Amino acid sequence: MASRSLSYTQLLGLLSFILLTSTMAVRVGVILHKPSAPTLPVFREAPAFRNGDQCLEADQIHIAMTLDTNYLRGTMAAVFSLLQHSTCPENLSFHFLSLAHFENDLFSSIKSTFPYLNFKIYQFDPNLVRSKISKSIREALDQPLNYARIYLADIVPPSVDRIIYLDSDLVVVDDIEKLWHVDMEGKVVAAPEYCHANFTHYFTKTFWSDPVLVKVLEGKRPCYFNTGVMVVDVDKWRKGLYTQKVEEWMTVQKQKRIYHLGSLPPFLLIFAGDIKAVNHRWNQHGLGGDNFEGRCRTLHPGPISLLHWSGKGKPWLRLDSRKPCIVDHLWAPYDLYRSSKHSLDE
């Protein structure tokens, strides 16, 4: 059977057709395919928590948290713990900050886990801080969402004049209403305060050798507070332009590197020794160990209302690796992750 050959003109036509269809396929792919969100974990549906009769006249309690796909499991546990220990769970109003391209997936995940939850998700623009963030001692501290708390007053509705900000690596084992009703005494921020801090650990030699910068801390008590648990007077924050003040310190950091940690030092430079101190029971922090190795730590003595796994070690990761710390078993009962099979004898 004689073979049929293509003429030069036919070859050119076929090549042109192949190139055209390939280009169209690439263009269609660019238009139709967006970067997909990482596969989110699947959670069990939480039970419905309802108000008692005494809650009819109770105030709305506003709680802000970030929604990070890497910390979603922690957020779910935190929300579950808040609802479970609240006298008036239906009065809790959640304000979640997330990156825009994950918003729909995160909304569906929360709605299926907490069908009755009163919540709203706000898009946080990472470009607000991306150019202002300086590299710190741990990569997780450098993520834009870690700085979203600075912009709370600009994001939540004007009708919200007070809000509790909570990190995602904690559980609450008391009624959050007790923290909500703290007397702010005219302060912008209320939080557990530790006034035996050594500020040399938080700032660099460049900071301490600059007489202009050091003057900022003159006359202030060396008091540390953890920004993962804060009550914020949103009205006073707005009127005092504190978002801009934090940004100004972040700009100085980019120019001179005056501290090692992420979003905490700017808060200390502005608020150290000038916040409303609340009982230490509201932030049993440091359960995740240090920022480098995350070694196990034990509980501090005294009553506890909130357990906080600040530091590198997160309870869900240590439980999954079957190398948990003793305190991680206190987090496990609030874990709604569908594949969890934690027990005290692991």
* Search the range 102-116 for residues that are modelled with pLDDT of 95 or more and pair each with any residue that is among the polar types (S, T, N, Q) when their beta-carbon atoms are under 9 Å apart and the residues are at least 6 apart or on different chains. => I110/T75
* Asked: Taking the range 195-207 as the search range and keeping residues that are farther than 14 Å from V252 by Cα and touching a helix residue (DSSP H, G or I) at 6+ places or on another chain (Cβ under 8 Å), which one is surrounded by the fewest Cβ atoms within 10 Å (Cβ to Cβ)?
  -> T200
* Asked: Any chance the range 216-227 includes a residue that's in contact with a Cys (Cβ under 7 Å, 6 or more places away or on another chain), hydroxyl-bearing (S, T, Y) and in a strand (DSSP E or B)?
  -> no
* **Considering residues of the range 68-90 that are surrounded by 20 or more Cβ atoms within 10 Å (Cβ to Cβ) and among the hydroxyl-bearing types (S, T, Y) only, the residue nearest to A46 (Cα to Cα)** => S81
* Structure fact -> Subset of the range 257-288, residues aliphatic (A, V, I, L, M), open to solvent by 10 Å² or more (accessible area, probe 1.4 Å), touching a residue at least 60 places away in the same chain (Cβ under 8 Å) and assigned to a helix (DSSP H, G or I), comes to L264
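Check whether at least one residue in the range 36-58 is within 42 Å of the chain's Cα centre (by Cα) and either at pLDDT below 50 or of a type in the set (S, T, Y) (or both), and report yes or no.
Within the range 36-58, the first condition is being within 42 Å of the chain's Cα centre (by Cα), and the residues that meet it are 36-58.
Narrowing the set further to residues that are either at pLDDT below 50 or of a type in the set (S, T, Y) (or both) leaves 36, 39.
There is at least one residue in the range 36-58 that is within 42 Å of the chain's Cα centre (by Cα) and either at pLDDT below 50 or of a type in the set (S, T, Y) (or both).
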* **Condition broken by K254, with the remaining ones in (1) open to solvent by less than 40 Å² (accessible area, probe 1.4 Å); (2) in a helix (DSSP H, G or I) satisfied** => (1)
* Structure fact -> Per the list (1) at pLDDT 90 or above; (2) under 17 Å from the mean Cα position of the chain (by Cα); (3) open to solvent by less than 40 Å² (accessible area, probe 1.4 Å), residue check on K120 breaks on (3)
* Structure fact -> Note on the range 180-193: residues of a type in the set (A, V, I, L, M, F, W, C), surrounded by 18 or more Cβ atoms within 10 Å (Cβ to Cβ) and more than 14 Å from N91 (Cα to Cα) are V182, V188, V189, A190, A191
* Structure fact -> Across (1) touching a strand residue (DSSP E or B) at 6+ places or on another chain (Cβ under 8 Å); (2) small (G, A, S); (3) in contact (Cβ under 8 Å) with a residue 40 or more places away in the chain; (4) surrounded by fewer than 20 Cβ atoms within 10 Å (Cβ to Cβ), S93 clears everything bar (3)
* touching a residue at least 60 places away in the same chain (Cβ under 8 Å) and over 30 Å from K314 (Cα atoms) - does that describe any residue in the range 160-172? -> yes
* Do you know which residues across the range 289-331 are open to solvent by 20 Å² or more (accessible area, probe 1.4 Å) and either in a helix (DSSP H, G or I) or without any contact (Cβ under 8 Å) to a residue 12 or more places away in the chain (or both)? -> P301, L317, R318, D320, S321, K323, I326, H329, L330
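Being closer than 25 Å to L261 by Cα and among the acidic types (D, E) is true for just one of D125, D59, D53. Which residue is that?
Values: D59 fails: closer than 25 Å to L261 by Cα; D53 fails: closer than 25 Å to L261 by Cα.
Only one candidate passes the filter, namely D125.
The values are calculated or read from the model by the stated rules, or taken from the named source; none is laboratory data. Just so it is clear, the structure is predicted and the values come from calculations on it, not from any experiment. Cβ atoms come from the backbone with ideal geometry, glycine included; neighbour counts cover every protein chain shown. Remember, those area values only see protein heavy atoms, side chains included, never the ligands or the DNA or RNA. Shrake-Rupley method; radii C 1.70, N 1.55, O 1.52, S 1.80 Å.
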